[in-house]
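Colleague: Next up is a structure, given as structure tokens.
The values are calculated or read from the model by the stated rules, or taken from the named source; none is laboratory data. Being a predicted model, the structure only gives us computed values, none of them experimental. Note: ideal-geometry Cβ built from the backbone for every residue, glycine included; neighbour counts use all protein chains shown.
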Amino acid sequence: MTNKIWGIFFLLLAAFLLLNQFNGFTDIGIGSIVLAILAIAFIVSCLSKLHFALLPIPIAVLYIIFQASLGLPLIQIRTLILSSVLASIGLFVLFPKKNRPRFVSYIGSGDAERKHQHIKTENINNDNNPSVSVNFGAISRRLIADSLESAQLYCNFGALEIHFDQAELSPNGAEATLNCSFGAIKLFVPKNWHIIDHITCTLGGVDMDRSFSAQENAPTLTLSGNVSFGGIEIKYV
């Protein structure tokens, strides 16, 4: 699937560059064109994996980029962003099962048969400073550590699940750096942990259940990094 998405990306990039020569989108910079193509590729990826809740965000990006060139009704960026977030929440509620991370496998010969399966959670053992990244895909990892100090988590055009339920934090706590672009990261953390959120959001958001109040001297996990055109969810287990 990854190869197909990149193939679509380069074909669309070639098409937009040619259209520019015919005064098709001369008022749109190359940076905006590349962003638009990435948004289209992300839409294709979401549809292939049935991640419906993520669709409104790239659609809003496309509207912002092309509303002037295509003569679309003028909508304030702030309104578009809010509408896409609300639509994502609505779709997440309507299609909860189909928004779980999945991967696509192809079996048989000739015409490939598509088979969807729940993603398998794999362990990362004895690593107090793990690094996990996903691009155009979906993975799930369980961190097993006796003194977790840091974690580097990267998600671009995909879905990433991280389970902290079998990790012990260092006496000074731990910091998880998350960088999420056009994707979704879900963290599963113990209920007795204290979570400090320092994540910067750009056209994205962090969803955390704040009804839990950690006890004094509870293990502390600090979250930092950036999320753009995506979402991060923290679940207590």
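Colleague: Taking into account only those residues within the stretch 45-65 that are modelled with pLDDT of 75 or more and not aliphatic (A, V, I, L, M), which is surrounded by the most Cβ atoms within 10 Å (Cβ to Cβ)?
Modeller: First pass over the stretch 45-65, keeping only residues modelled with pLDDT of 75 or more: 53-65.
In the following step, the residues that additionally are not aliphatic (A, V, I, L, M) were identified as 56, 58, 63.
On the way: 56: 20, 58: 25, 63: 18.
The residue in question is 58.
Colleague: Evaluate the stretch 147-157: report whether one residue or more is under 23 Å from residue 42 (Cα atoms), within 18 Å of the chain's Cα centre (by Cα) and either assigned by TED's automatic domain parsing to the domain that holds residue 53 or in a loop (DSSP other than H, G, I, E, B) (or both).
Modeller: yes
Colleague: In addition: Look at the stretch 114-155 and say how many of its residues are modelled with pLDDT under 90, touching a Ser or Thr at 6+ places or on another chain (Cβ under 6 Å) and either buried (at least 17 other Cβ atoms within 10 Å of the Cβ) or within 17 Å of residue 186 (Cβ to Cβ) (or both).
Modeller: Residues in the stretch 114-155 being modelled with pLDDT under 90, touching a Ser or Thr at 6+ places or on another chain (Cβ under 6 Å) and either buried (at least 17 other Cβ atoms within 10 Å of the Cβ) or within 17 Å of residue 186 (Cβ to Cβ) (or both): 3 in total.
Colleague: Among 42, 9, which is in contact with a helix residue (DSSP H, G or I) (Cβ under 9 Å, 6 or more places away or on another chain), in a helix (DSSP H, G or I) and at pLDDT below 70?
Modeller: Criteria check complete, one pass: 9.
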